[in-house]
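Read the structure below first, then the notes.
The values are calculated or read from the model by the stated rules, or taken from the named source; none is laboratory data. This one's a predicted model, so the numbers in the text were calculated from it and none came from an experiment. Backbone-built Cβ (ideal geometry, glycine too); neighbour counts: all protein chains shown. We work out accessible area using only protein heavy atoms, side chains counted, and drop any ligands, DNA or RNA first. Shrake-Rupley method; radii C 1.70, N 1.55, O 1.52, S 1.80 Å.
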Amino acid sequence: MKNLYRKFKNLKYRYKLTLLILAAGLVPVVIIVIYMQSGMVSILRENEVDSMENTLEQSVEAIENQEMIYENLVDYLSYSQDLRSILTTEPESDYEAYLEYVNVADPLLQMPQIYHKEIKEITLYSESIQVAHGDTLLPLAEAEEQPWYADMDDSTLLQWSVRRGSRQEITACRKFYDDDVTAVLVMTLDYQAVLEPFSSQLRDNTGGVIFDAGGNVVYSSYSMDDKYTPAQPESVDYIMENYTYSVQSMEGTGWTFYIYRPTEVITESVWLLIARNIPIVVICIILLVLVGYVFSRRMVSCLERLTENMNQIHLGFRKVTVTSNSNDEVGVLIRSFRRMMDQINHLISEVYEGKIKLQNSEMKALQAQINPHFLYNSLSIINWKALEAGEDEISKVTLALSTYYRTSLNRGETMTTVENEISNIRAYLKIQLVMHDDSFAVKEEIDPEISGYEIPKLILQPLVENAIDHGLDMSESEEKCLYVGATQDGDFLVFTVRDNGIGMEQQKSDEILTYQSSGYGVRNVCERIQVLYGEAGSMKVTSGPGKGTEVKIKIPKKAGKKA
């Protein structure tokens with residue numbers, strides 16, 4: 001999480017704004033989509049349940065209507081005086097009894113089968129019947145052998161019994177008692193035909209089960225794909241737990257009907273709708289990204305130009321190029337930045353111009369204090385007098401001093417050539433070697449190709465003086481050495497002054513070029529290079545205790561010209 005936050009924090013403001021716009025657009029879209037899809041699932045589920053309830057209600061109503069017909073028919077036959085007279089009247093002969101059975105009982109018990117195909121047979125069991133007459137009239141003793149008889153109680157109401165297995169049938173039984181008659185009227189029904197209004201609805205991943213009042217299964221079936229097949233199709237708990245279901249009871253028979261479907265089938269249409277909506281959502285996301293990017297780009301473009309301008313100013317280009325005429329916060333910031341840079345440029349110009357004028361004034365004042373002709377004439381006289389007296393050492397020092405001041409004054413100019421600057425240093429070193437009794441050696445590495453380039457005057461003498469006074473003079477080494485180099489590096493001139501004196505800590509050497517240093521000469525050289533060349537010129541001091549000190553100046557060739 002921290003890494004993601006760090007990456008987000010380091011992103012460009014444009015991309016941050018794009019992501020925020022995208023998030024602001026996607027959050028409500030996602031919430032609306034989730035809300036709508038959940039609502040659609042709920043509505044579809046409710047519709048499916050309502051549909052199942054309607055289907056179940058119609059099926060149960062159809063079976064219940066048939067049940068009422070059967071019940072009315074049983075009631076009619078049970079109260080038929082013709083049948084009761086057969087059961088209560090003793091026939092004069094077997095033949096007369098046969099005629100009554102054929103002419104009265106058979107039409108009454110067989111006629112309903114013509115109008116109701118689902119009625120397989122109607123049988124009357126009675127104690128008054130001693131000999132069976134086909135399947136219509138049977139002795140009561142034979143009823144006790146039937147499987148449905150055990151399910152009957154002493155009630156005179158119509159009672160239902162179902163047999164499953166290889167011989168499927170439904171029986172509607174009713175006992176009736178008179179003072180002289182005890183009988184059972186049994187109507188045997190076609191199992192499939194009676195339940196057809198219910199079973200015909202069990203298709204397209206739909207299942208159903210019927211229980212009687214005692215909890216026994218009357219009917220169970222389903223038509224489902226393999227992945228939806230119920231493991232316990234006759235368990236109410238299993239169906240209620242794993243499927244969407246509807247339940248309804250039937251009063252006449254005491255049966256309870258269940259119809260159920262897999263929940264996945266109900267929600268499948270929702271996922272199809274979601275799949276259709278995915279391209280629309282993707283297009284919306286792409287549009288959000290494009291709109292967010294374009295919008296953020298227009299919003300941030302001024303800030304990016306301002307940032308780029310600031311980076312250029314940091315590199316030394318102090319011109320403000322970004323502009324804005326808007327009155328928002330960014331426009332105010334840009335105009336404030338422009339005013340600030342104008343003030344800074346004005347102050348820099350005043351400070352640098354003042355410093356250059358001051359340095360030029362100091363240099364001219366120093367030069368004005370010395371009358372070149374008087375100085376040269378005086379040194380020339382001293383030189384001739386030394387030669388007349390045979391003092392070659394004095395003559396050598398006098399000539400070196402004359403050369404030194406001639407190159408230093410340089411007719412009042414602030415620029416000189418590399419050749420003149422090297423001559424100045426050689427003259428200065430001749431004087432220093434005499435003063436130090438040749439206690440140190442001097443090594444030179446001068447590139448003759450750069451002799452004609454112009455450089456600021458007196459940039460090496462303060463460095464050489466500082467190396468002798470604070471490096472070599474303080475060292476107790478017997479092999480003291482001073483190195484002076486003038487080379488080229490591409491488009492740059494490189495000047496090096498190095499000694500093998502006592503050296504110093506690097507922290508202290510870094511302070512030499514700052515205002516914390518007490519050495520004015522070296523600091524003055526650094527300031528002049530910065531004023532003349534800006535960032536293109538550099539001056540670096542490297543040192544270490546016991547390792548000596550090296551000062552390196554690097555200035556561009558193109559800043560000067562060959563003499």
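How high is the relative contact order of the stretch 1-154, given as a whole-number percent (alpha carbon pairs under 8 Å, six or more residues apart)?
Dividing the mean separation by the residue count of the stretch 1-154 yields 10 percent.
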Per residue accessible area of the stretch 249-328, 1.4 Å probe, in Å²: 65
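Could you give the longest part of the chain that holds none of the trypsin sites (Lys or Arg not before Pro) found in DSSP loops with at most 16 neighbouring Cβ atoms within 10 Å? Let's see the in-between values first.
Values: sites that count: Lys12, Lys117, Arg164, Arg167, Arg203, Arg318, Lys319, Lys547, Lys561.
Within the chain, the longest run free of exposed trypsin sites (Lys or Arg not before Pro) spans 320-546.
For a distance above 25 Å, tell me the whole-number percent of Cα pairs in the stretch 13-141 that qualify.
Numbers: 4785 of 8256 pairs.
Of the Cα pairs, 58 percent sit more than 25 Å apart.
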Two-site label geometry, Glu90 and Val294: point separation in nm, points 7 Å out along Cα→Cβ: 11.2
Given (1) 21, 49, 27, 3, 0; (2) 15, 22, 15, 10, 7, 12, 14, 5, 0; (3) 14, 22, 13, 10, 10, 11, 11, 8, 2, 0, the label whose value is P(r) over Cα pairs in 20 Å bins from 0, in percent derived from this model: (3)
Simple label model, 7 Å out from Cα along Cβ direction - Met415 to Glu505, nm: 4.2
Heavy-atom accessible area order for Cys173, Cys284, largest first, 1.4 Å probe: Cys284, Cys173
For the stretch 414-563: accessible area per residue (Å², 1.4 Å): 51
With every protein chain in place, the chain: carbon and sulfur % of accessible area (1.4 Å): 53
Rounded accessible area per residue of the stretch 25-149, 1.4 Å, Å²: 60
Structure-based [θ]222 nm, the chain - -39500 (n - 2.57) summed over DSSP H runs of at least 4, per residue, nearest 500: -17500 deg cm²/dmol
Theoretical FRET efficiency, 1/(1+(r/R0)^6), r = Cβ-Cβ of Asn242 and Ser336, R0 60 Å, to 0.05: 0.25
Using θ = phi - 60° and Karplus 6.51 cos²θ - 1.76 cosθ + 1.60, couplings along the stretch 51-65 (whole Hz; Gly, Pro as x): 5, 5, 5, 5, 4, 5, 4, 5, 5, 5, 4, 5, 5, 5, 4
